[in-house]
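Values quoted throughout were computed directly from the atomic coordinates according to the rules given, and no laboratory measurement underlies them. Here the structure is a predicted model, which is why all the values come from computation and not from measurement. Neighbour counts are summed over all protein chains in view; Cβ atoms, including those assigned to glycine, are modelled from backbone coordinates with ideal geometry.
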Amino acid sequence: MTKRAIKIKNYFLKDINEIIRFLIISDTVIAGAAGLLGPIFAIFITEFIQDANAAVAGIAAGIFLFTKSILQIPIAHVIDKIRGEKDDYWLLVIFSIFIAFMPLTYLIIHSPLQLYVVQFIFGLLTAFTFPTYMALFTRHIDKEKEGTEWGIYFTLTDLVGAAFAIIGGYVAITEGFKTLIIIVVILSLIGALLLLPIKPYIKTA
């Protein structure tokens, strides 16, 4: 009988191909960065955006999700029509780097309208990274390990995001939101740059 238990080395990204390994590591770092700010984002908005309240925070979150949701399918459709995965890879890298710097805009905006514009741009950029990431992950996932590798991906990103959410609240209280946002940007950029080792494995046709 074939053993069904997941080997412990899989949780440490062993016995996984290079592309999947770096995709998981990259998104885990980015998830950690998002976790730092995500849970306290509404508090940040109400404190630093003029005339902002819980409703403004809700609208801002809604604009991001609505923009991402509406645009990612047509963007993915266009990407699928282009042969090879080189376009997927470079779109993922370039837009991940743009996204990494987006939190800096929170330090210079002052009105709800400016916040809404930022959230729209954030959603637009994410609409490019989400389908390209999923396309690369799906194409290169190890055969007969699909469930395991998706499970490892969600386990690591969720655990790191949860841990960093706790850390983010502490940093915001002790060091301030400005320091927190700088840390978010640095971590997000590191996560984006961790996609670069994948380049040699990308198929051009």
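Relative to the longest principal axis of the Cα atoms of the chain, the long axis of helix 112-140 makes an angle of roughly 10 degrees.
Placing R0 at 22 angstrom, the Cβ-Cβ distance between residue 50 and residue 179 gives a FRET efficiency of 0.50 after rounding to 0.05.
In this calculation the C-beta distance from residue 146 to residue 120 is compared with R0 = 41 Å, giving a FRET efficiency of 0.75.
Given the choices (1) 117; (2) 153; (3) 130, volume of the Cα convex hull per residue in Å³ derived from the coordinates of this structure is entry (3). Where does helix 86-101 land angle-wise versus the long Cα axis of the chain, in degrees 0 to 90, nearest 10? For helix 86-101, the angle is close to 30 degrees. Restricting to Cα pairs below 8 Å that are 6+ residues apart, what does the relative contact order work out to for the chain? Please round to a whole percent. Reported as a whole number, the value is 44 percent. Please determine, in degrees from 0 to 90 and to the nearest 10, the orientation of helix 18-37 with respect to the longest principal axis defined by the Cα atoms of the chain, where the helix direction is its Cα long axis. Here the helix axis deviates by roughly 20 degrees. Over the chain, dividing the summed -39,500 (n - 2.57) contributions of all DSSP H runs of at least 4 residues by the number of residues returns a 222 nm mean residue ellipticity of -25000 deg cm²/dmol. In this simple spin-label approximation, residue 82 and residue 94 carry label points 7 Å from Cα along the Cα→Cβ vector, and these lie 0.7 nm apart. Its Cα centre serving as origin, the chain has a Cβ charge dipole (Lys and Arg +1, Asp and Glu -1) of approximately 660 debye.
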